[in-house]
Amino acid sequence: MSREVAIGLLEEKVTTPHIIKHSYAVEAVMRALAKRLGENEDEWGLAGLLHDLDNDLVDWQSDMSLHGPKTIEVLKNSSFGNEEMYNAILAHNAATGKSRDTKFEKALYAADPITGFITAIALVYPDKKLSSVKVKSITKRMKETRFAAGANREAMWSIEELGIDFPDFAELSLNAMREISDKLGL
Ligand SMILES: [Fe+2]
């Protein structure tokens, strides 16, 4: 499973620039989580990179449950990925009904919303930079339910099931995103 092939697929299938940026952000957070937990960094990173591959192929209004299965269909047609990765991608969307059992599945579920949440916090600052964001502002914003209301708090908190405290997760995610701040334009 090469990252180059995965990027080729991403750029072929996804045309929305913010979804491409989001994919790179989730990749970075997933790699950092795998490193922390002693798991497979490449595999977890690739799942992050590809988890929203079907963004342009699924009608989000009429059938949310196809978000995930459609990605797997594309990956299988491209002979890319493995079962663990498919299961993590399925489980990141609760509407698929796939339970989150493995560390891999739980990690992707939490990594997905935190990237958008941190992005929303960065955009509040005059310079709109990740370098302005502090871990404390992330934990504080978690309690403000009206701020970035679309970012699933329950999913982000669920990282604690992997034995990582939320502030620790916030710091790890912020640092991972900072490493690719140019790519994210933040
Ligand atoms: Fe996502």
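Each reported figure results from applying straightforward, stated rules to the coordinates on display, with no laboratory input. It should be emphasised that the depicted structure is a prediction, and the values quoted were computed from it without experimental measurement. Here the Cβ positions follow ideal geometry from the backbone for every residue, glycine too, while neighbour counts run over all protein chains shown.
Taking the conditions (1) among the basic types (Lys, Arg); (2) closer than 28 Å to residue 175 by Cβ; (3) more than 13 Å from the chain's Cα centre (by Cα); (4) within 15 Å of the ligand (Cβ to nearest atom) in turn, residue 35 satisfies each one other than (4). Among the residues of segment 104-121, is any away from the ligand (no atom under 16 Å from the Cβ) and surrounded by fewer than 18 Cβ atoms within 10 Å (Cβ to Cβ)? Checked segment 104-121: no residue is away from the ligand (no atom under 16 Å from the Cβ) and surrounded by fewer than 18 Cβ atoms within 10 Å (Cβ to Cβ).
Of the residues making up segment 128-150, those that are β-branched (Val, Ile, Thr) and surrounded by fewer than 17 Cβ atoms within 10 Å (Cβ to Cβ) are 139, 145. For the structure I just gave you, tell me whether residue 70 is over 21 Å from residue 116 (Cα atoms), within 16 Å of the ligand (Cβ to nearest atom) and among the charged types (D, E, K, R). Spelling it out, residue 70 is indeed over 21 Å from residue 116 (Cα atoms), within 16 Å of the ligand (Cβ to nearest atom) and among the charged types (D, E, K, R). Can you tell me which residues in segment 76-93 are away from the ligand (no atom under 15 Å from the Cβ) and touching a residue at least 40 places away in the same chain (Cβ under 8 Å)? Within segment 76-93, 78, 80, 81, 82, 84 meet the criteria. Confirm whether residue 99 is under 25 Å from residue 154 (Cβ atoms), polar (S, T, N, Q), out of contact with any Cys (no Cβ under 9 Å at 6 or more places or on another chain) and assigned to a helix (DSSP H, G or I). Taking the combined requirement at face value, the residue does not satisfy it. Residue count for segment 101-119 under the criterion of being in contact (Cβ under 8 Å) with a residue 24 or more places away in the chain and either of a type outside the set (A, V, I, L, M) or touching a strand residue (DSSP E or B) at 6+ places or on another chain (Cβ under 9 Å) (or both): the result is 10. Within segment 94-103, the set of residues being more than 16 Å from the ligand (Cβ to nearest atom) and not basic (Lys, Arg) comprises 97, 99, 101, 102.
Does segment 40-55 include one or more residues that are free of Cβ contacts under 8 Å to residues at least 24 places away in the same chain and of a type in the set (D, E, K, R)? Yes, because at least one residue in segment 40-55 is free of Cβ contacts under 8 Å to residues at least 24 places away in the same chain and of a type in the set (D, E, K, R). Filter segment 57-103 down to the residues that are exposed (fewer than 12 other Cβ atoms within 10 Å of the Cβ), over 22 Å from residue 169 (Cβ atoms) and of a type outside the set (Gly, Ala, Ser) and list them by number. Within segment 57-103, 59, 60, 61, 76, 77, 83 meet the criteria. Here 24, 86 are screened, and the one residue that is closer than 18 Å to residue 180 by Cα and either assigned to a helix (DSSP H, G or I) or in contact with a Pro (Cβ under 7 Å, 6 or more places away or on another chain) (or both) is 24.
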